[in-house]
Amino acid sequence: MPRIYLDGDPIESQPEDTVAAALLRGGVTTFTRSIKYHRPRGPFCFAGSCGQCLMRIDGVPSLPACRVKAADGMRCERQNGPLGVENDLFRAADFLFPEGLDHHHLLVRSRLLGRVALEVARRLAGLGELPDAIATPAAGDLRKVKLAIVGAGPAGLSAARAATAGALLIEREARVGGAPLLFGDSIDPDAGRAEVLLQAECVGLYANDTSLPGNALLAVRYRDRLCAVLAERVIVATGGVSQPLPFPGVDRPGVYAARGLLALSARVGVKLAVVGETDEAQRCAAALSRRGYEIAMVPGVPRRALGNPVKAVDTASGERIRCDAVAIALLPAPLHELASSVGAQARFDGGGFPVETDADGRTSVPWLFAAGTAARKDAARSGAAAGSAACR
């Protein structure tokens, strides 16, 4: 079995494990410390979005441990704990500043002391040192397509099937299907005439320079390359990301996104306390139960979570529920950032910022469309409408 090393100590892993899964399987729950108060932090979303599992891996800082596949001999180091992550003395900031620490105004009455305080804050709040070596990225390809579809979940697949012209379907996972696969739902993997690019992540979307053909430029990280895609039209079907429910203790190790646990190869104990909205919580609880977890449903918003890692939850009614971990089950927040980066309108709807579209999926940017969770619309219908409209 692959063996990785955490701060010099060996950790056994399974072939399908990410670094995060291997560490959780080995009983490690504190992956880093919060920047300001140096409180313990562990992974939450398992999708590379929350930033709570960033580690230095094989000399490269701030990599999401939940997205890096464990490999034999891999060296992993925890960051932002200069005196040791497990027993970081800087966590005393909680006790030294019980009313809160406003580091922007710390010692500012003296210009000299203010500069000293700023430098100290910078050093304590860093996310790792520079890489051991500067890697030169391999030269990527330049592709020209009529339609680029970002995301191969239900909406992206529907868009690809509806496209009348050849399309490029970009998916960061190793298979198409998206969120339904977490729940064991069946999904039609047919992408029509679209070319499917798996394990490819769109990391940037730009309005293209008029000196080049196409309306959009996509930066796509594909394996060890950074590729450029010029497209006349783009459909953003990026889905959503798990979000926490605010209550005291929700940011402690041992509190995880329910959908993240469904995607995790490792188990985090036997009993889960499931917190969240009714329909999503029930759906996630049923799927987690099929994974072998014992489920305890927590009504409403908890008063607090206790332990490090969390081992109990106090309910609003005063009941204490013992557990091995907490699973937060809220509807995913739309991943709007790619669309917003080029000027598409996105407005807060109480649970996130869905991209605003018309009935055909058009956004406020003429060449850009959005479908599915990213636009808070039905995946199949909105995907088909966007795919058809983008090819007119």
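The values are calculated or read from the model by the stated rules, or taken from the named source; none is laboratory data. Nothing here was measured: the structure is a model prediction, and the numbers come from that model. Note: ideal-geometry Cβ built from the backbone for every residue, glycine included; neighbour counts use all protein chains shown. With ligands, DNA and RNA removed, areas are computed over all heavy atoms of the protein, side chains included. Shrake-Rupley method; radii C 1.70, N 1.55, O 1.52, S 1.80 Å.
Structure summary
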{"read-out": "In the range 151-174, the residues that are in a loop (DSSP other than H, G, I, E, B) and either more than 16 Å from V236 (Cβ to Cβ) or open to solvent by less than 30 Å² (accessible area, probe 1.4 Å) (or both)", "value": "G151, A152, G153, A163, T164, A165, G166, E171, E173, A174"}
{"read-out": "Selection status of G177, open to solvent by 20 Å² or more (accessible area, probe 1.4 Å), within 19 Å of A380 (Cα to Cα), outside any strand (DSSP E or B) and without any contact (Cβ under 8 Å) to a residue 40 or more places away in the chain", "value": "no"}
{"read-out": "Of residues in the range 257-278 being within 22 Å of the chain's Cα centre (by Cα) and of a type in the set (D, E, K, R), the one least open to solvent (accessible area, probe 1.4 Å)", "value": "R259"}
{"read-out": "When residues of the range 321-340 are limited to those that are open to solvent by less than 10 Å² (accessible area, probe 1.4 Å) and β-branched (V, I, T), the one farthest from A47 (Cα to Cα)", "value": "V326"}
{"read-out": "Any strands (runs of 3 or more DSSP E) falling wholly within the range 254-372 and containing at least 2 residues that are under 30 Å from G387 (Cβ atoms)", "value": "368-370"}
{"read-out": "Of all residues in the range 1-45 being outside any strand (DSSP E or B) and of a type in the set (D, E, K, R), the one that is farthest from D72 (Cα to Cα)", "value": "K36"}
{"read-out": "Which listed residue is farther than 27 Å from T29 by Cβ and in a loop (DSSP other than H, G, I, E, B), from L101, L107, L113", "value": "L107"}
{"read-out": "Selection status of R123, farther than 18 Å from S388 by Cβ and open to solvent by 70 Å² or more (accessible area, probe 1.4 Å)", "value": "yes"}
{"read-out": "Pair list, Cβ < 8 Å and 6+ apart or interchain, from the range 364-384 residues that are at negative phi to residues that are of a type in the set (G, A, S) and open to solvent by 60 Å² or more (accessible area, probe 1.4 Å)", "value": "V365/A207"}
{"read-out": "When residues of the range 25-68 are limited to those that are at positive phi and in contact with a strand residue (DSSP E or B) (Cβ under 8 Å, 6 or more places away or on another chain), the one surrounded by the most Cβ atoms within 10 Å (Cβ to Cβ)", "value": "F46"}
{"read-out": "Unmet criterion (only one of (1) open to solvent by less than 30 Å² (accessible area, probe 1.4 Å); (2) among the acidic types (D, E); (3) in contact (Cβ under 8 Å) with a residue 60 or more places away in the chain) for D251", "value": "(1)"}
{"read-out": "Subset of the range 358-392 [open to solvent by less than 50 Å² (accessible area, probe 1.4 Å), more than 20 Å from L217 (Cα to Cα) and among the polar types (S, T, N, Q)]", "value": "S382, S388"}
{"read-out": "Qualifying residue in the range 306-316 (condition: touching a Lys or Arg at 6+ places or on another chain (Cβ under 7 Å), free of Cβ contacts under 8 Å to residues at least 24 places away in the same chain, open to solvent by 30 Å² or more (accessible area, probe 1.4 Å) and under 23 Å from E201 (Cα atoms))", "value": "no"}
{"read-out": "Selection status of P302, buried (at least 17 other Cβ atoms within 10 Å of the Cβ), under 22 Å from G42 (Cβ atoms) and out of contact with any Cys (no Cβ under 8 Å at 6 or more places or on another chain)", "value": "yes"}
